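Nothing in this text is a laboratory measurement; each read-out follows from the coordinates by a stated rule. In this text the structure is predicted, and so the values were computed from the model without any measurement. Note that each Cβ is placed from the backbone with ideal geometry, even for glycine, and that neighbours are counted across all protein chains shown.
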């Protein structure tokens, strides 16, 4: 059973339309990549029942998504860009509140995460930095026996050392094959280290969704003169960027001559060149 199934999802706003089919197997981490306004947060809100789709079906952990489903919420760990916790509450007090919200709240795990992530227990939420607020949200999400984490920009505002620590926490979470994570992030390097699958969203459409390792095997980066680039089979080119010095292009490795020097491509370069097309 997949942890997430999205079929024929449509959500329409003035000037924006989201249309999406997507699935996430258990035991895996799916990274949702897209520029601001691509539809990442809209997708997450639909999965959480926070907005009603105009069409399509969504299921999470085998259950259809509904606006009110307390049993399903118990099984989800959620980190949003705006956590929405009361401004005057401390981390210690928040643990007490969450013990009354989640039946499986693990006080010891929460205390250990506060210590591991260096979150001050007695400081009011409003006085925490953005990074500290995000770490506190992550600690809550990991402390009540969730099976699926849904994370919207969870590493935003964290310094590189703490980001690495958080990435390791997420990796540890999915060592249980019944667990899964959906994570959106602008920090593509985090997704490249963490994710099993990468999905590219652009202007409400899914450009591609593929296993990360397969993406890195199938695509590569070349730097060519304009004349050499023009000689390539256009079907081999995923996206390109021109400069006064030539052309940088993402290509399908199996569609270019074997003698052509091809460099490994990062997930970030792949995404940027796909959405920018043939930019000057």
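Brief remarks follow.
- If R0 is 25 Å, the Cβ-Cβ spacing of residue 35 and residue 230 corresponds to a FRET efficiency of close to 0.30.
- For the chain, fraction of C-alpha pairs farther apart than 36 Å, in %: 22
- Stretched out straight at 0.36 nm per residue, the stretch from residue 21 to residue 276 would grow longer than its current Cα-Cα span by 89.5 nm.
- A Gaussian network model of the chain, with springs between Cα atoms under 10 Å, assigns the largest mean-square fluctuation among 121, 192, 153 to 121.
- Helix 160-173 axis, angle to the chain major axis (alpha carbon atoms, nearest 10°): 80
- From the C-alpha gyration tensor of segment 88-201, square roots of 5λ in Å: 24, 17, 12
- Annotation: extensible slack from residue 208 through residue 88 equals 38.9 nm (criterion: 0.36 nm per residue apart, minus Cα-Cα distance).
- Fluctuation leader among 184, 137, 59 - the chain, Gaussian network, Cα springs under 10 angstrom: 59
- Applying 1/(1 + (r/R0)^6) with R0 = 25 Å to the Cβ-Cβ distance of residue 103 and residue 164 gives a FRET efficiency near 0.20.
- Two-decimal Rg/Rh across segment 174-280, once Rg and the Kirkwood Rh are taken from alpha-carbon atoms: 1.02
- Relative contact order (percent, whole number), the chain, Cα cutoff 8 Å, 6+ residue spacing: 21
- Helix-only mean residue ellipticity at 222 nm for the chain, each DSSP H run of n ≥ 4 adding -39500 (n - 2.57), per residue, nearest 500: -9000 deg cm²/dmol
- Length available on full extension from residue 260 to residue 50: 0.36 nm per residue minus the Cα-Cα distance, which gives 70.7 nm.
- The simple spin-label model puts a point 7 Å past each Cα toward its Cβ; for residue 268 and residue 10 those points are separated by 3.7 nm.
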